[in-house]
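J.: Below: one structure in structure tokens.
Values in this text are rule-based calculations from the coordinates and carry no lab data. As the structure is a prediction and not an experimental result, all values here were calculated from the model. Using ideal geometry, Cβ is built from the backbone for each residue, glycine included, and neighbour counts are taken over all protein chains shown.
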Number of protein chains: 2
Amino acid sequence: MKVSRRALLGGAAAVASASVLTRSPRAQAQSKSTRADVVVVGAGYAGLAAAWQLHKAGLKVVVLEARDRVGGRVWSIDLKGGGWLDLGGQWLGATQDRFAALIQEMGCQTYPTPNFGDTLYRGVTSSGYYRVKADGSNWESVPGSDLIDEADEKLSAMVDQIDPKAPWQHPQAAIWDGLTFGQWLDQNVPDANARRFLIASVSYACASPQEISMLQLLFIIRACGGLAMLDGFEGAAQQDRIIGGAQVVAKRLAERLGSRIQFNQPVRKIRWSDRGVTVFTDQQAIAAQSVVIAVPPTLAGSIEYEPSLPTDRAQITQRWPQGCVIKVGMVFEEPFWRKDGLSGASIDYGSLVGETADSSTPPEYSKQGILTGFVYAETARQVLRLSASDRRQQLLASLQGRFGDRILKPVFYQEMNWAMQPWTKGCYAGYLAPGATYLFKSAVRDPIGPLHWAGTETASQWPTFIDGAIRSGERAAQAIFSQR
Amino acid sequence: MKVSRRALLGGAAAVASASVLTRSPRAQAQSKSTRADVVVVGAGYAGLAAAWQLHKAGLKVVVLEARDRVGGRVWSIDLKGGGWLDLGGQWLGATQDRFAALIQEMGCQTYPTPNFGDTLYRGVTSSGYYRVKADGSNWESVPGSDLIDEADEKLSAMVDQIDPKAPWQHPQAAIWDGLTFGQWLDQNVPDANARRFLIASVSYACASPQEISMLQLLFIIRACGGLAMLDGFEGAAQQDRIIGGAQVVAKRLAERLGSRIQFNQPVRKIRWSDRGVTVFTDQQAIAAQSVVIAVPPTLAGSIEYEPSLPTDRAQITQRWPQGCVIKVGMVFEEPFWRKDGLSGASIDYGSLVGETADSSTPPEYSKQGILTGFVYAETARQVLRLSASDRRQQLLASLQGRFGDRILKPVFYQEMNWAMQPWTKGCYAGYLAPGATYLFKSAVRDPIGPLHWAGTETASQWPTFIDGAIRSGERAAQAIFSQR
């Protein structure tokens with residue numbers, strides 16, 4: 001035998017013998033080495049929430065962030081004419097208690113999402129736009145709305161059956177995870193408008209209907225409280241916004257953590273055993289008892305682990321792609337749509353910009369009007385193949401029928417494509433590919449020795465949202481406390 | 001504006017302005033820097049084939065390999081009692097002309113795969129094993145074989161319609177890519193034996209039926225010449241073996257490339273623009289005109305790219321997981337099954353070890369008998385959760401009904417689980433998740449400026465095989481020649 005059987009198998013024996021906490025030749029070449037109780041990888045909301053709990057409990061924490069800022073896929077920029085623009089996550093929803101608590105703890109303020117008027121709706125088979133009142137009271141008069149509601153109920157009836165903590169335990173889990181949402185729609189929703197409306201359900205995953213299984217989609221909807229909770233403003237997921245932008249809370253938290261957060265430190269490798277970890281960046285090696293890996297699953301899988309992760313974990317992150325969405329920020333001198341009695345919210349899934357929402361700041365911060373547009377999944381990937389100027393022209397033109405010619409001349413225009421942000425790789429979040437929810441079960445979040453997984457994708461409540469990220473970080477911190 | 005719009009968009013403007021070929025602070029910290037015409041990432045068969053063509057054309061090539069050996073997922077070890085064991089790819093098939101040519105060019109020898117006797121077959125509904133002659137002449141007398149043949153023909157009729165160079169162009173591509181193989185089986189193959197037999201079709205992808213789409217499966221089967229070509233020995237995919245093991249050809253090639261191959265050099269980052277690339281490992285930065293990235297797609301996606309890859313490429317590797325299979329090598333004092341008129345080949349998809357094959361070396365190298373067993377996809381992941389000793393006991397016990405008590409006492413026993421090899425992450429190969437074949441189309445292999453993609457997964461002929469790897473490397477080399 002010319003090779004070690006241990007090296008081939010990489011099993012329990014290899015784990016036990018790994019020389020963790022001794023310095024490797026590679027570590028020796030690095031310029032510095034420190035010790036911590038816990039290393040947190042990633043300073044998005046999941047990582048910050050974990051670090052904050054650990055720090056408050058008196059543990060020595062080091063947070064390693066690949067970027068030069070905190071917040072991850074939450075990023076707020078100040079606008080020239082006053083106010084701010086959220087390039088990523090921006091809402092605080094009803095029942096998002098952990099985000100609400102953190103906002104309060106950090107002394108930040110919220111305001112109700114502007115929703116002053118009618119929502120515009122156009123079906124894929126209708127010629128023009130219908131005005132739907134904010135309270136939905138005239139929805140029934142929209143032609144075809146009964147068929148949409150019927151399809152919605154059909155989907156919701158399945159959603160209600162799912163245990164968000166263990167979707168793989170549903171009696172139909174094996175079947176539903178091998179059934180794509182596209183197939184289910186073809187078989188269950190004959191009406192074109194209803195089908196297109198329901199496809200918006202996958203906008204939470206930013207996936208195309210062929211890419212996501214029923215089981216994963218039902219899980220996401222269920223874990224966020226159902227379709228009505230996901231879709232609405234007041235009393236629902238888009239209820240409030242944060243003064244200064246959604247990143248402000250993360251910035252405040254970062255101030256308190258201070259130099260415990262290190263920037264421009266992509267983690268390349270984690271050496272681990274039952275006795276602890278050593279986390280390697282290009283410049284340093286940090287030894288610790290535990291690590292919280294709080295980055296999107298695909299990026300967690302991109303780190304080198306020595307020894308290898310067990311098979312389930314090594315493979316699940318390969319089946320957990322990030323979605324795709326372009327968030328379009330359009331700034332105008334004023335929220336001109338309000339004069340026409342429009343809320344700025346619109347739904348036209350037959351167009352490039354399927355949804356819009358009013359993202360203006362309160363008037364005391366800026367008189368400017370801000371409209372946010374969303375371009376999802378395959379539609380996003382298609383327009384991303386265009387030149388930047390062609391794309392801008394086409395996206396704005398797709399809104400002209402809704403908001404008139406003024407929409408064509410924003411004073412500021414900003415597309416955000418998170419798929420090309422190397423430390424996110426796609427938004428809103430990762431979703432499990434068909435089969436993986438059922439086949440990999442709790443590997444989605446089970447710790448492995450000193451390795452703990454966080455990130456909104458691992459949450460069983462409000463996954464894909466900031467609140468889910470915070471919950472996941474707090475869960476990881478609790479698991480570390482219970483190991484001590 | 002506090003942030004650069006270029007940094008947000010990451011589009012063409014960012015590419016044009018990236019300071020490629022100038023040294024970054026990070027590069028300056030590294031101990032050495034060199035120049036090459038082409039850097040090849042990965043010294044598996046794809047990378048070696050690319051490097052060999054480029055080198056023969058007079059280009060300066062540097063091959064960076066993460067491991068301490070060449071061959072990638074082809075790895076041969078010498079056995080104590082003589083002969084060798086292939087832990088990964090091991091066969092040369094009919095029509096695998098590029099592998100055959102390389103074998104000849106390197107002066108290596110082949111021998112026909114041993115197949116001296118009857119194959120054992122048991123259906124999931126049959127109580128015992130049937131002996132099927134090597135020429136298949138008595139297959140029709142096996143109960144239920146007509147239903148298996150019928151299902152096989154149904155699948156083959158779809159396979160024949162696929163263009164292996166562009167499976168996304170089939171009129172039904174959108175539908176078939178949103179239909180999992182599991183769903184198709186449920187709807188089209190009522191017989192349990194036939195269904196289980198056809199599930200073996202996904203063994204080429206080492207996927208569970210819920211995980212893979214019809215379109216991707218049909219592509220793989222078509223690109224390898226059809227089910228009969230994939231399944232057989234003589235005149236088919238498992239026709240010949242290589243004297244000394246399948247890695248020997250790679251080793252010979254490595255000898256000729258000499259110091260152009262550098263080991264223990266995981267590539268962490270590639271900076272690129274239209275003017276060239278800089279490839280970073282932990283120790284060095286190498287500037288070149290082009291790079292061939294010849295590693296499994298999921299690992300190609302794990303490298304940091306600066307600037308980001310375009311959206312399609314940044315996202316396709318997130319939808320391209322490696323399969324899962326355990327290859328079990330069992331060595332005995334002699335190939336005792338031959339005395340019973342058995343070939344060593346067996347099929348029992350209701351058992352843990354679904355397939356076996358005789359992998360003995362010619363008697364002049366060793367008198368030992370070598371049997372190879374395959375444990376696929378979800379079955380593999382399930383037994384990998386057991387302890388090593390329990391797993392060995394259960395896997396051997398599952399063969400007892402086929403080969404008697406002698407199978408329980410191998411003189412050497414070796415499991416190979418490539419999912420826990422950090423520089424492969426799963427075998428035989430990567431497959432595109434549902435939706436991705438249709439949605440991402442030629443992004444599967446399109447070069448991006450100076451970035452070229454190789455690896456058996458990118459081949460349109462013999463993907464998942466060594467031959468496909470070689471073809472992909474030679475294609476990448478040709479693309480570089482045509483750019484010069």
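J.: Using the number of other C-beta atoms within 10 angstrom as an exposure proxy, rank B:Cys427, B:Cys324 with the fewest first.
T.: With the sparsest Cβ surroundings first, the list reads B:Cys427, B:Cys324.
J.: Which distance in Å, rounded to a whole number, links the C-alpha centroids of region B:241-257 and region A:404-438?
T.: Here the two parts' Cα centres lie 46 Å apart.
J.: Where Rh denotes the Kirkwood radius from the mean inverse Cα pair distance, what is Rg over Rh for chain B?
T.: We get a ratio of 0.99 for chain B.
J.: Taking a ≥ b ≥ c as the square roots of the Cα gyration tensor eigenvalues, with a/c under 1.5 meaning rounded and otherwise prolate when a/b beats b/c, else oblate, which class fits region A:208-299?
T.: oblate
J.: Continuing with the same structure: Give a residue-ordered list of calculated ³J(HN,Hα) values for region A:121-131 (Karplus: 6.51 cos²θ - 1.76 cosθ + 1.60, θ = phi - 60°; whole Hz; x for Gly, Pro).
T.: Result, rounded to whole Hz: 9, 10, x, 6, 10, 9, 7, x, 8, 9, 9.
J.: Then there's this: Which net charge results for the neighbourhood of A:Asp149, defined as the other residues with beta-carbon distances under 15 angstrom from its beta-carbon, given Lys and Arg at +1 and Asp and Glu at -1?
T.: My count for the surroundings of A:Asp149 gives -4.
J.: What is the distance in Å between the Cα centroid of region A:314-369 and that of region A:131-148?
T.: Region A:314-369 and region A:131-148 have Cα centres spaced 21 Å from each other.
J.: Sticking with this one: Kindly work out what percent of the DSSP beta bridges joining two residues of the protein assembly as shown are antiparallel, to the nearest 5.
T.: Here the antiparallel bridges make up roughly 65 percent for the protein assembly as shown.
J.: Quick one: which of B:80-86, B:47-53 comes out on top by average Cβ neighbours within 10 Å, and what's the full order, highest first?
T.: Highest to lowest by the protection proxy: B:47-53, B:80-86.
J.: Something else: Please work out whether region A:62-111 counts as rounded, prolate or oblate from its C-alpha gyration tensor, where a ≥ b ≥ c are the square roots of the eigenvalues and a/c under 1.5 means rounded, while otherwise a/b larger than b/c means prolate and anything else oblate?
T.: It comes out oblate by the Cα gyration axes.
J.: Where Lys and Arg each count +1 and Asp and Glu each count -1, what net charge lies around A:Ser208 among other residues with Cβ under 11 Å from its Cβ?
T.: Taking every Cβ under 11 Å from that of A:Ser208, the sum is -1.
J.: Let me ask something else. Nearest 10 degrees, 0 to 90: what angle lies between the long axis of helix A:45-56 and the longest principal axis of chain A (Cα atoms)?
T.: The angle comes out near 50 degrees.
J.: Please compute, for peptide B:439-447, the average count of beta-carbon atoms on other protein chains lying within 10 Å of each residue's beta-carbon.
T.: Other-chain Cβ atoms within 10 Å of each residue's Cβ, averaged: 1.
J.: Counting other C-beta atoms within 10 Å, which of B:Val40, B:Val132 has the fewest, and how do the rest follow?
T.: By the 10 Å Cβ count, ascending, the order reads B:Val132, B:Val40.
J.: Could I ask something else about it? What FRET efficiency comes out for B:Asp163 versus A:Lys60 if R0 is 60 angstrom and r is the Cβ-Cβ distance? Round to the nearest 0.05.
T.: Result of the calculation: an efficiency of 0.50.
J.: Show me the GluC sites (Glu not before Pro) within region A:356-444 that DSSP assigns to loop and that have at most 16 other Cβ atoms within 10 Å of their Cβ.
T.: Here the GluC sites (Glu not before Pro) that fit, given the DSSP loop and packing criteria, are A:Glu364.
J.: On alpha-carbon atoms, Rg over Rh for region B:102-201 using Kirkwood Rh?
T.: Dividing the radius of gyration by the Kirkwood radius yields 1.10.
J.: Please tell me which of these pairs span more than 18 angstrom C-alpha to C-alpha: A:Lys425/B:Lys269; B:Lys133/B:Lys339; A:Lys80/A:Lys251?
T.: Beyond 18 Å: A:Lys80/A:Lys251.
J.: Which loop-located GluC sites (Glu not before Pro) does region B:238-335 contain, where loop means any DSSP state but H, G, I, E or B and the Cβ has at most 15 other Cβ atoms within 10 Å?
T.: Passing both the DSSP loop test and the Cβ count: B:Glu333.
J.: I want to check the label-to-label distance for B:Gln393 and A:Ala397. Put each point 7 Å from Cα in the C-beta direction and report it in nm to one decimal.
T.: So the label points at B:Gln393 and A:Ala397 sit 7.1 nm apart.
J.: Neighbour counts of other C-beta atoms within 10 Å: give me A:Lys425, B:Lys339, A:Lys165 arranged from fewest to most.
T.: B:Lys339, A:Lys165, A:Lys425
J.: Separate question: Tell me the mean residue ellipticity at 222 nm calculated for chain A from its helices only (DSSP H runs of n ≥ 4, each -39500 (n - 2.57), averaged over every residue, nearest 500).
T.: -9000 deg cm²/dmol
J.: Further question on the same structure: Can you compute 3J(HN,Hα) from phi for each residue in region A:446-460, using the Karplus curve 6.51 cos²θ - 1.76 cosθ + 1.60 with θ = phi - 60°, rounded to whole Hz and x for Gly and Pro?
T.: 4, x, 10, x, x, 9, 10, 10, 10, x, 4, 5, 8, 7, 9
J.: Relative contact order for chain B using alpha-carbon pairs under 8 Å, separation at least 6, rounded to a whole percent?
T.: After rounding, I find 25 percent.
J.: Moving to a separate point now. Does region A:213-261 classify as rounded, prolate or oblate by the C-alpha gyration tensor (a ≥ b ≥ c root eigenvalues; a/c under 1.5 gives rounded; else a/b over b/c gives prolate, otherwise oblate)?
T.: Judged from the Cα gyration tensor, region A:213-261 comes out oblate (a/c at least 1.5, b/c at or above a/b).
J.: One decimal, nm, shortest first: give the distances between the label point of A:Gln172 and those of the same position in the other copies, each label point 7 Å from Cα along Cα→Cβ.
T.: Here A:Gln172 shows inter-copy label distances of 2.4 nm.
J.: Which whole number gives the average count of other chain Cβ atoms within 10 Å of the Cβ atoms across peptide B:302-310?
T.: What the average comes to for B:302-310 is 4.
J.: Helix B:214-223 sits at what angle to the longest principal axis of chain B, using alpha carbons and giving 0 to 90 degrees rounded to 10?
T.: So the helix axis and the longest Cα principal axis differ by about 90 degrees.
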